[in-house]
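Before any comments, here is the structure.
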Amino acid sequence: MSAMRKRGFTLLEVMIAMAILAVSLTILLGSINSGVIYAGSAPDSIIATFLAQEKMTEIERKRDMLASDSGESGRFEDEFERFSWSYTAKLDDTAVQLAQNAGIDFSFEPLKVEVIVTWKRGNLEQSYVLQELIFPVVSTTSTGATSSSTTSPSTTSPFTTSPSTTTRTPLR
């Protein structure tokens, strides 16, 4: 019997090898499937990122007219009509508290603005969230007085973000 044992594998060894192979292939195929799904959704994620940045720029342009605890929602137009957006603007109490603790007097309200771009890919709804603290720009005139201002860029393309004088601070 020892001569037979040396010539091949036992049934138990073959069954264990097959089980290891089956588990390995299942994990490998699952990883490949996830990679294909994520690769397919990458263009939509890139478009959503640009659209959210464009919407944030529009909000920054109207910062002086923006009230805390406000928000809006809608749909993008033309070739981006399958993307919808919403935003909320709230007074950021944390920034005010930190400034007061540091002895800084805020003569303005920093707003925490959250823009959400949502779209559907098949039956799955996906979204991209962009949050920023928006402060009005306070400039000192030659007389020492301060004034707050924003400017609006001339372009409105969803893929062109022109500089604005409103300060953008990404939240982490």
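The values are calculated or read from the model by the stated rules, or taken from the named source; none is laboratory data. The structure presented is a predicted model; accordingly, all values stated were derived computationally and were not measured. Ideal geometry is used to build each Cβ from the backbone, glycine not excepted, and the neighbour counts take in all protein chains shown.
Annotations
- In segment 130-148, residue surrounded by the most Cβ atoms within 10 Å (Cβ to Cβ) [restricted to those that are among the aliphatic types (A, V, I, L, M), part of a strand (DSSP E or B) and at pLDDT below 85]: Ile134
- Of all residues in segment 42-88, those being modelled with pLDDT of 90 or more and among the hydrophobic types (A, V, I, L, M, F, W, C) number 11.
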